[in-house]
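Just below is one structure, and these are the notes that go with it.
Just so you know, all these numbers are worked out from the coordinates, no wet-lab data involved. Owing to the predicted nature of the structure, the values given are computational and were not obtained by experimental measurement. Note that we place each Cβ from the backbone using ideal geometry, even for glycine, and neighbour counts take in every protein chain shown.
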Amino acid sequence: MIRSTLACLLVCTAFAVVGCQPEDFDSAVPTTITDVNRIVNNTSLTAAEKRARLAELGLSPLTINAILRSERTANQFGGDLRSAYDKVKGNQLNRLTPDEVQIYGDAASSADPNISVNLTDEEAQFMADFFADFGIRSRPELGAFLDEGNLPPGDVDASVYRSVFVDFDPDTLLDQLP
C-alpha cells in the first residue's frame, strides 16, 4: 500500500512539475467589437491592410466584406494593385475579385488619359462575374470575344472592358506596383 501511494505521489509530482502543454490563448478569447473597431477606424491602414488585420482575427471573408462595406476597394474579397496586375498578366482574369477590378480600373484611369472609369461595386461585380462565368482568362480571349460582336451581360459597356483590359498595357503600371 505504501509503495502504490508513493508511486502515485511520484507520478503526480512529475505531472505537476512538467505541467500541461500551453494553450493558444489568442483563439480562446473571441474577437470583440473593440478589436474590430480599432482596425476599421485606423486611418493609417490601407483598405487591404484592414482586410488582412481582420482576417488575422479569424473573421471570414464574407464577414470582412460586411464590416468594410463602406471601403470601396475592400468590401468585395479584397486585393491590391499587385494581385490584380499579376492576374491580368498571368491570364487569370477569371480569378479577379471585384475589388481587384476596381483597383485595376482606377490605376488604368490614372495612368492613361484616354481611360476614364470609376467602377461602382455593382459594375465591378458584373465584370468579375462575367470573366468567371464565361471563362475569360486572358486579354486576347476578351479581345476575341468583343471582336466577334458579343456584348458582356450587365450594365458595364463593352468599351470599358476593351479600354481597361484589352487596349491598356498593364506594364504601364509597373512603377505603381507595391
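Table for the structure above
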| quantity | calculated |
| --- | --- |
| Packing-based order for 80-91, 131-142, using average beta carbon neighbours within 10 Å, highest first | 80-91, 131-142 |
| Karplus-derived 3J(HN,Hα), 6.51/-1.76/1.60, for each residue of segment 74-88, Hz, glycine and proline x | 9, 9, 9, 6, x, x, 8, 4, 4, 5, 5, 4, 4, 6, 5 |
| Alpha-carbon gyration tensor eigenvalues x 5, square-rooted, for segment 24-71, Å | 18, 12, 9 |
| Gyration tensor verdict on segment 81-176 (Cα atoms; rounded if a/c is under 1.5, prolate if a/b is larger than b/c, oblate otherwise) | rounded |
| Residue-by-residue Karplus 3J(HN,Hα) for segment 123-140, coefficients 6.51, -1.76, 1.60, Hz, glycine and proline x | 5, 5, 5, 4, 5, 4, 5, 4, 4, 5, 5, 9, x, 7, 9, 10, 4, x |
